[in-house]
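Q: Below are the structure tokens for one structure; questions will follow.
The values are calculated or read from the model by the stated rules, or taken from the named source; none is laboratory data. Just so it is clear, the model here is predicted, and its values are computed rather than measured. Here the Cβ positions follow ideal geometry from the backbone for every residue, glycine too, while neighbour counts run over all protein chains shown.
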Amino acid sequence: MQRVRVSSYQAPVLKLGDSQMTLSPKFRLAAKQSALLDPSLDMELCLKGESLIPGLPDDIALNCLLRVPVDNHTTCRAVCKRWHSLFGSKEQFFTRRKELGFRDPWLFVFAFHKCTGKIQWQVLDLIHFAWHTIPTMPCKDKVCPHGFRCVSIPKDGVLFVCGGVVSDMDFPLNLILKYEVRKNRWTVMKKMITARSYFASGVIDGMIYVAGGNSTDLFELNSAEVLDPSIGSWHPIASMETNMITYDAAVLNGKLFVTEGWFWPFYVVPRGQIYDPKTDNWENMAAGLREGWTGSSVVIDGHFFVVSEHERTKLKVYDMESDSWETVEGPPLPEQICKPFTVNCFDSRIFVVGRNLHVAVGHIFMKYQTSTSEERGSFSVQWLVVDAPETLSDLTPSSAQVLLA
């Protein structure tokens, strides 16, 4: 297992787009009001012969500059007028990156202060392992972070925060908030049909599905609904076969898998439901899957993994054919990653964010074993720990989403 420190000193957490250079309020105001953010002016400067990088064609220079880490943008704005135009607007910068096919992963962590309960988002650049912040989520301060559900559409650089609960009243919410990396801003969307908290959520073919949870009268729900983000409208779908508060959910093979979890005496069999949007039907989950789903899940290349909160926090993978679980070879979750933790993935990597926002990056490897009757695959994992700066030491994660930008 390797361990990484972002730097030898405790660096401050940066706003998305700011560098470590301290700027006066006057300069910040001038930068916001500058006409250099106008793309038409950039074209005018180009026609006057002002190149992005002397001696290089603009297309090659742009290809280089769009790879500059976000925390260096403020410094780069001071180089020349065209650099000021390029790095002065995050929307313009990320739009150009998208046009040229640049897609770096960012880990967005929904966290809360363990003493005050105040919620906030912290963002980890998964290329340079630097932390950043984004604008404050437009939501009431006194809420229970675990009552929300967060989902994302990584390729679009968009995440959604759904539902939630007002902590001092146990009153579920039906709000939907949308964050876009390219614009670096939040948008309030049309509310869910039913206010709910502690419910299931998932994205299938760009559509956002929610199901179950707590209702306004604190009874468990069986209702479900779907949001089309392109038009912002919700409509109901078939109800689950049972009323259920959800511990975890996953999307596998185009279906939504929902479990109520395992926080009870184990003589009670956990319930699980599976929704197929093609038939608009729910069915019961296989016994082996629901009984072995003892942690937070991710799906990588069609394989269902769980970071178990039992079995020494080992990683395990589900075999659908035999309805059984196999332990992934390799060490357990590193000890630095303390509960409660949240999990997500990108490509063949699993990201586990623990208390104080230390992050374990698990690299998944697949190898094949040939037996006398069949060839089957097995998995192994290697962990890398990314220590968070001291400034994040009082934060506890509630959700983690990977976005590309």
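Q: Go over the candidates Leu177, Leu100 one by one and state the one that is in contact with a Cys (Cβ under 7 Å, 6 or more places away or on another chain) and farther than 18 Å from Leu392 by Cβ. Please lay out each step first, then the result.
A: On the way: Leu100 fails: in contact with a Cys (Cβ under 7 Å, 6 or more places away or on another chain).
Of the residues listed, the single one that is in contact with a Cys (Cβ under 7 Å, 6 or more places away or on another chain) and farther than 18 Å from Leu392 by Cβ is Leu177.
Q: Restricting to the range 175-192, and then to whatever is among the aliphatic types (A, V, I, L, M) and not in a strand (DSSP E or B), can you tell me which residue is farthest from the chain's Cα centre (by Cα)?
A: Taking the range 175-192 and keeping what is among the aliphatic types (A, V, I, L, M), we get 175-177, 181, 188-189, 192.
Those left that are additionally not in a strand (DSSP E or B): 175, 181, 192.
Details: Leu175: 19, Val181: 12, Met192: 21 Å.
Looking at the filtered set, the residue picked out is Met192.
Q: On to the next question. Would you pick out the residues in the range 296-335 that are under 14 Å from Ile364 (Cα atoms) and among the aliphatic types (A, V, I, L, M)?
A: Answer for the range 296-335, where residues must be under 14 Å from Ile364 (Cα atoms) and among the aliphatic types (A, V, I, L, M): Val298, Val299, Ile300, Val306, Val307, Leu315, Val317, Val328, Leu333.
Q: Identify the residue in the range 56-94 that is under 27 Å from the mean Cα position of the chain (by Cα), in a loop (DSSP other than H, G, I, E, B) and of a type outside the set (Gly, Ala, Ser) and, among all such residues, is modelled with the lowest pLDDT.
A: Step by step, filter the range 56-94, then rank; the result is Pro69.
Q: Give the residues of the range 338-356 that are at pLDDT below 95 and out of contact with any Leu (no Cβ under 9 Å at 6 or more places or on another chain), sorted by residue number.
A: Passing the criteria: Cys338, Lys339, Pro340, Asp347, Ser348.
Q: Now a separate question. Of all residues in the range 145-174, which are in a loop (DSSP other than H, G, I, E, B), in contact (Cβ under 8 Å) with a residue 24 or more places away in the chain and surrounded by fewer than 19 Cβ atoms within 10 Å (Cβ to Cβ)? First the steps, then the outcome.
A: Our first condition is that a residue be in a loop (DSSP other than H, G, I, E, B); within the range 145-174, this holds for 157, 164, 167-170, 173-174.
Adding the requirement that they be in contact (Cβ under 8 Å) with a residue 24 or more places away in the chain leaves 157, 164, 167-168, 170, 173.
Selection gives Ser167, Asp168, Asp170.
Q: Go through the range 294-314 and give me each residue that's in a strand (DSSP E or B), within 18 Å of the chain's Cα centre (by Cα) and of a type outside the set (Phe, Trp, Tyr).
A: As a first pass, look at the range 294-314 and keep what is in a strand (DSSP E or B): 295-300, 303-308.
Narrowing further to those that are within 18 Å of the chain's Cα centre (by Cα): 295-300, 304-307.
Residues satisfying the conditions are Gly295, Ser296, Ser297, Val298, Val299, Ile300, Val306, Val307.
Q: From the list Tyr209, Tyr275, which residue is of a type in the set (Phe, Trp, Tyr), out of contact with any Ser or Thr (no Cβ under 9 Å at 6 or more places or on another chain) and at pLDDT 95 or above?
A: Of Tyr209, Tyr275, the one residue that is of a type in the set (Phe, Trp, Tyr), out of contact with any Ser or Thr (no Cβ under 9 Å at 6 or more places or on another chain) and at pLDDT 95 or above is Tyr275.
Q: Val299 fails exactly one of the following numbered conditions: (1) in contact (Cβ under 8 Å) with a residue 40 or more places away in the chain; (2) more than 26 Å from Ser398 (Cβ to Cβ); (3) not aromatic (Phe, Trp, Tyr). What is the number of that condition?
A: Going through (1) in contact (Cβ under 8 Å) with a residue 40 or more places away in the chain; (2) more than 26 Å from Ser398 (Cβ to Cβ); (3) not aromatic (Phe, Trp, Tyr) one by one, Val299 breaks only (2).
Q: Identify all residues within the range 238-251 that are surrounded by fewer than 19 Cβ atoms within 10 Å (Cβ to Cβ), among the β-branched types (Val, Ile, Thr) and within 17 Å of Ala195 (Cβ to Cβ); write none if there are none.
A: Ile245
Q: If Leu52 satisfies every condition in (1) under 27 Å from Pro135 (Cβ atoms); (2) part of a loop (DSSP other than H, G, I, E, B) but one, which is the exception?
A: Exception for Leu52: condition (1).
Yes/no matrix, rows are residues, columns are (1) within 28 Å of Val203 (Cα to Cα); (2) in contact (Cβ under 8 Å) with a residue 40 or more places away in the chain; (3) loosely packed, with under 15 Cβ neighbours inside 10 Å; (4) of a type in the set (S, T, N, Q):
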{"position": "Phe305", "(1), (2), (3), (4)": "yes, yes, no, no"}
{"position": "Lys314", "(1), (2), (3), (4)": "yes, no, no, no"}
{"position": "Phe351", "(1), (2), (3), (4)": "yes, yes, no, no"}
{"position": "Arg355", "(1), (2), (3), (4)": "yes, yes, no, no"}
{"position": "Lys367", "(1), (2), (3), (4)": "no, no, yes, no"}
{"position": "Trp383", "(1), (2), (3), (4)": "yes, yes, no, no"}
{"position": "Asp387", "(1), (2), (3), (4)": "no, yes, no, no"}
{"position": "Ser398", "(1), (2), (3), (4)": "yes, yes, no, yes"}
